[in-house]
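Some notes on the structure that comes next.
The values are calculated or read from the model by the stated rules, or taken from the named source; none is laboratory data. Since the structure is predicted, the reported quantities are computational estimates derived from the model, not experimental observations. Positions of Cβ are generated from backbone atoms using ideal geometry, with glycine treated the same way; all protein chains shown enter the neighbour counts. Accessible surface is based on the protein model in full, side chains and every heavy atom, while ligands, DNA and RNA are left aside. Shrake-Rupley method; radii C 1.70, N 1.55, O 1.52, S 1.80 Å.
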Amino acid sequence: GNASPRYIRCTSYNIPCTSDMAKQSQVPLAAVIKPLATLPPEETLPYLVDHGESGPVRCNRCKAYMCPFMQFIEGGRRFQCCFCSCVTEVPPHYFQHLDHTGKRVDFYDRPELSLGSYEFLATVDYCKNNKFPSPPAFIFMIDVSYNAVKSGLVRLICEELKSLLDYLPREGNMEESAIRVGFVTYNKVLHFYNVKSSLAQPQMMVVSDVADMFVPLLDGFLVNVNESRTVIASLLDQIPEMFADTRETETVFAPVIQAGLEALKAAECAGKLFIFHTSLPIAEAPGKLKNRDDRKLINTDKEKTLFQPQTSFYNNLAKDCVAQGCCVDLFLFPNQYLDVATLGVVTYQTGGSIYKYAYFQLETDQDRFLNDLRRDVQKEVGFDAVMRVRTSTGIRATDFFGAFYMSNTTDVEMAGLDCDKTITVEFKHDDKLSEDSGALLQCALLYTSCAGQRRLRIHNLSLNCCTQLADLYRNCETDTLINYLAKYAYRGVLSSPVKTVRDALINQCAQILACYRKNCASPSSAGQLILPECMKLLPVYLNCVLKSDVLQPGPEVTTDDRAYIRQLVTSMDVAETNVFFYPRLLPLTKADVDSDSLPAAIRNSEERLSKGDIYLLENGLNIFVWVGVNVQQGLIQNLFGVSSFSQISNTSSTLPVLENPFSKKVRSIVGMLQVQRSRYMKLIIVKQEDKLEMLFKHFLVEDKSLSGGASYVDFLCHMHKEIRQLLS
């Protein structure tokens, strides 16, 4: 009856019975939920249950959905809710006899009575305006200003879309995708394209009144790919030519989102906008921005303004997008400040994704961008989603982190939700819990599938409850704890000075560890640092969060980088934050070329690197290959295809394909890592004692950092001091 940890992971699997105990320990009670997580091929997808006209069976009072923890009574005629204890009549069509243990005899035949995760087909009552939804649409909106054309980006996007449109997401075994597509190009004005299948050539319509955005055509804007294939291909060939000689450098941004939103409204469907954008929108239009980047604000009380949007215009636009189920994915190609904190607002609040390619260059960045775009277009996504988390009496969901919009205190609304996004939920006590009954949570997600089917996805989880602090500390999970603490801190920078946020983090972790020391550890001298078994790594990971670019930026980190990372981390799952804050470092020279396994990872510190070896470091966004100055010539030849260290190129973003075991092994390791991550990682080759090495050293997180971040050893001493102060 419990959902897989791929869907839900908790900071602790044994939660305190009382709020006093929770306060004493300071361990946050939180769940990191990834409702549409991708499963490996050997695991079964959630079953789809269809209860026909009557829809899913629910508790009368709290509206929880039927699940394995509901108690059937009176011979199966009624059931008692495991969340609120209310008794509800079983509908006649759902009635079944009980066996001698009180379980229904059809218990194993029904996913909702035996499994932790399953889906219900939703009835029309669960749909907007009480009518079933139409299939969603994808609208591709391409910046054709001077920068975008000159860098080769416009041509690259158009070429890629020709083949990519055949891979739109589709339901199960459907022949073709139900998703319709549309195209817009823009600079200071917007160009809409009619690609109706009956046309010989696409038609362009220009809207230059960006202050009052409307869609100049209904019929022929959103089309089926197969029906309009030749017209679309013709359009994608023509766009790069039409704008080849453009001199227009200025762009608009808000009207582009408004145009997409209006198009989806007119078509009465949800959907996603894919916006490819290059510069700060300074052209005269709604949502126009000014360059407000100011490094002098760092470490002042005004630093928080760098993370906040510079106008409330985009918050209101986001609200309209969510109401329509219009999700915005943003691909940014900046050569200077672009104000990610403001441009990202709509993306962030609609459940979308931001991808950023600073100083985009065709030869080095094309791979990464095209792989990201392919995955973004093809991945599983739900639209018009609403998520609610119900809990059994005693605790309730009080706080939420992630890319979504909330108009009340319980419903998490997302115009779009994909398989990579997580929502983190914090729980607080509102009553006592008992060790006998434990605690339950049920996450219910209502969404429209990519074929336009309205569904409910349910995930259940039961947790133990404890009256002894030792049981709490024995069942905590550090990786999930760090995921929660990072998100909490990254939200804190919006309203408090960064130093305040860092101090609060250190203080909370010191309290968690001091409480353990005082109440659970066997007596020993005060000079000894004692950590709970499953929190041994809390200090090392916490130090990585404290030293991260958002909380302690080095001189080379831009304001846009910080805003981008802040939004990225807020939707990460536990595996992603783990490798993001403490990167994985693998000694490639120790890899066994005959086996499929990875070499054992080593600790992230310069003293672990040997001059005669080659290492790989990955953090989910980049892969570095570090080459020591004394590496054997044979290895260099085998991996890079050149005869000496000095000939290795550090501008290449790929490893050459060479027919030898070492080259094959390293390329297969890189391939394995790319598949595990939700974004395509850029490969960067770093030669020891080269200028790029400074960038690489930034990721050796156990060492002292240039921005003033402590080394792990120093931080551990600092934590020990904090704990001793609390205890004395």
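Some notes on this structure:
- Computed magnitude of the charge dipole of the stretch 180-313 (debye, nearest 20; Cβ of K, R +1, Cβ of D, E -1): 420 debye
- Relative packing of peptides 296-306, 271-281, 392-402 - highest average C-beta neighbours within 10 Å first: 271-281, 392-402, 296-306
- Added length on full extension, which subtracts the Cα-Cα distance from 0.36 nm per residue, ARG58 to ILE73: 3.9 nm
- For LYS188, the lysines whose Cα comes closer than 20 Å to its Cα, not counting residues fewer than 8 places off in the same chain, are LYS150, LYS288, LYS290.
- Distance between the pseudo-spin-label points of GLU607 and GLU43 (7 Å out from Cα toward the beta carbon): 3.9 nm.
- Stretch gain in nm, segment SER234-ILE282, where the contour uses 0.36 nm per residue and the Cα spacing is subtracted: 14.1 nm
- Of the chymotrypsin sites (Phe, Trp or Tyr not before Pro) found in the stretch 202-271, the ones in coil according to DSSP and having at most 14 other Cβ atoms within 10 Å of their Cβ are PHE214.
- Quarter of the Cα convex hull surface for the stretch 86-163, i.e. its orientation-mean projected area (nm²): 11.6 nm²
- Modelled label positions at SER525 and LEU121, each set 7 Å beyond Cα in the direction of Cβ, lie 7.2 nm from each other.
- Two-site FRET efficiency, GLN468 against ASP106, from Cβ-Cβ distance with R₀ of 51 Å, rounded to 0.05: 0.85
- Taking only Cα atoms of the stretch 183-261, radius of gyration then Dmax in Å: 12.9, 35
- Dipole moment magnitude, nearest 20 debye, the chain about Cα centre, only Lys, Arg, Asp, Glu C-beta charged: 1460 debye
- Cα centroids of the stretch 426-483 and the stretch 667-728: 31 Å apart.
- Only aspartates and glutamates eight or more places from LYS428 in sequence, or on another chain, were considered; those with a Cα closer than 19 Å are ASP20, ASP399, ASP411, ASP471, GLU477.
- Distance between the C-alpha centres of the stretch 322-396 and the stretch 519-574: 25 Å, rounded to the whole angstrom.
- Put a dot 7 Å past the Cα of CYS86, heading toward its Cβ, do the same for GLU533, and the two dots end up 4.3 nm apart.
- Note on GLN310 and SER134: the extension gain reaches 59.8 nm, defined as 0.36 nm multiplied by sequence separation minus the Cα-Cα distance.
- Most simply put, the chain has about 70% antiparallel DSSP beta bridges, counting only bridges with both residues inside it.
- Neighbour cut-off at most 15 other Cβ (10 Å), DSSP loop, GluC sites (Glu not before Pro), the stretch 679-717: GLU689
- Solvent exposure of the stretch 411-548 as accessible area per residue, Å², 1.4 Å probe: 34 Å²
- Shown for the chain are no DSSP H helices, since none reaches 18 Å along its axis, judged by Cα atoms, with a mean Kyte-Doolittle hydropathy of at least 1.6.
- Counting only aspartates and glutamates at least 8 places from LYS128 when in the same chain, those with an alpha carbon closer than 12 Å to its own are GLU268, ASP384.
- Looking at the stretch 109-211, the accessible area is 42 square angstrom per residue; that uses a 1.4 Å probe and ignores ligands, DNA and RNA.
- The Cβ shell under 13 Å around THR251 holds other residues with a net charge of -3, Lys and Arg each +1, Asp and Glu each -1.
- Surface composition of the chain: carbon and sulfur make up 49 percent of the accessible area, probe 1.4 Å.
- Spatially close Lys pairs in the stretch 656-716, defined by Cα atoms under 23 Å apart and a spacing of eight or more places or different chains, total 9.
- From the largest down, the stretch 251-387 spans 46, 38, 33 angstrom on the principal axes of its Cα atoms.
- Per-q log10 I(q)/I(0), the stretch 520-675, q = 0.15, 0.16, 0.21 Å⁻¹ (Debye; single scatterer per alpha-carbon; no solvent): -0.96, -1.04, -1.37
- Distance violations [Cα-Cα > 23 Å] among LYS265/LYS319; LYS131/LYS421; LYS421/LYS499: LYS131/LYS421; LYS421/LYS499
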